[in-house]
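Data block below; observations after.
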Amino acid sequence: MPEIPASPTPTNPIKNPPAPQWLQSLTPRLQQQLTFLAAIDALKTINRATRITDNSRQENSAEHSWHLTLFARILHEHANQPVDVERVIMMLMVHDIVEIDAGDEPIHGKQNPDQAAIEQAAADRLFGLLPDDQSSTLGALWHEFEQAQTADAQFAKAVDRLQPIMLNMLTNGGTWIDYDVSIDQVVSRTGKIGIGSDTLWAAANSMFSEALEHGWLKKAPQTGSS
């Protein structure tokens, strides 16, 4: 399997640097807002396993989040239930911000049992940079996405899973080949697309069928006949 560069994953919590002089001259609320906006620029440095469509490099998490907002805007008519697309878009804008501290955990890679706690600590630090009202709003949207119990969150999860499937199809198998993924594994790991959108899940299955034909996904093992 080709070596996939890991995203930077701090071993210690990131400390907030002292505010520069120009920032200290502003109102406390604006200081907090601009501090948060400066901090999240680091999302551009977090590489995902998925590659961009010209196959030249991996996408970063900021690009992924931007792409998902357009997925939501264009595809929300296919949601199983009515959704507030503006809330879905905001949810997708913030859903991976925690990766600044926690790093990206590829869906087909090794899973860290402590990842949820690491991401919660990251959410507390990063959203905590904002004024209380905005911190509460964005933190609640992040939690809603993670829990995936509302129609908005379920549709957001659906497009979050669909986008890398499409990119894998456009990069001759992409991470499915990197991680030696089988059809059973990809269906198990992405099946929640159907909770948010039956239509998008059907599209994903169409892609899986073609990926099998190309050999980009491993076939399910044959069961013995009686």
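Since every read-out is calculated from the coordinates, none of them should be taken as a lab result. Since the model is a prediction, treat every value here as computed from it, not as a measurement. Because the Cβ atoms are built from the backbone with ideal geometry, glycine has one as well, and the counts that use them run over all protein chains shown.
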Item checked: Cα-only radius of gyration and Dmax that characterise the chain, units Å -> 19.1, 79
Check: Of the residues W201, W22, W216, which exhibits the maximal mean-square fluctuation in a Gaussian network model of the chain defined by a 10 Å Cα contact cut-off?
Finding: W22
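Looking at region 94-226 from every direction and averaging, what is the projected area of its Cα convex hull in nm²? Mind showing how you got there, number by number?
Values: hull surface 40.3 nm².
Mean projected area of the Cα convex hull: 10.1 nm².
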Next item on the list: Hand me the tally of lysine pairs in the chain: alpha carbons under 23 angstrom apart, and the pair either on different chains or 8 or more positions apart.
Entry: 10
Next item on the list: Would you kindly calculate the translational diffusion coefficient of region 54-110, applying Stokes-Einstein with the Kirkwood radius from alpha carbon pairs, for 4 °C and a viscosity of 1.567 mPa s, and quote it in µm² s⁻¹ without decimals?
Entry: 101 µm²/s
Note to self: With angles folded into 0 to 90 degrees, how steeply does helix 85-94 sit against the dominant principal axis of the chain? Use alpha carbons for both and round to 10.
What the structure shows: 80 degrees
Note to self: Compute the angle between helix 28-39 and the longest alpha-carbon principal axis of the chain, please, reported from 0 to 90 degrees and rounded to the nearest 10.
What the structure shows: 30 degrees
Notebook entry, point to check: Hey, rough spin-label estimate for L170 and D132, points 7 angstrom out along Cα→Cβ, what's it come to in nanometres?
Noted result: 4.5 nm
Margin query: Tell me the angle of helix 61-75 to the major Cα principal axis of the chain, expressed in degrees between 0 and 90 and rounded to the nearest ten.
Written below: 70 degrees
Item checked: Which of I118, I100 has the fewest Cβ neighbours within 10 Å, and the rest in rising order -> I118, I100
Check: Can you give me the relative contact order of region 28-214 as a percent, contacts being Cα pairs under 8 Å and 6 or more apart?
Finding: 26 percent
Item checked: Ascending count of other beta-carbon atoms within 10 Å, so fewest first, for T27, T190 -> T27, T190
Next item on the list: Only helical DSSP H runs with n ≥ 4 go in: add -39500 (n - 2.57) per run for the chain, normalise by residue count and round the 222 nm mean residue ellipticity to 500 deg cm²/dmol.
Entry: -17000 deg cm²/dmol
Notebook entry, point to check: What is the Cα centroid distance between region 119-135 and region 157-216, reported in whole angstrom?
Noted result: 32 Å
Margin query: Place a point 7 Å from Cα of H214 in the direction of its Cβ. Which residues in region 16-57 have their backbone N less than 18 Å from it?
Written below: 49-57
Notebook entry, point to check: Given the Cα-Cα distance of A117 and S182 and 0.36 nm per residue of separation, how much length would full extension add, in nm?
Noted result: 20.5 nm
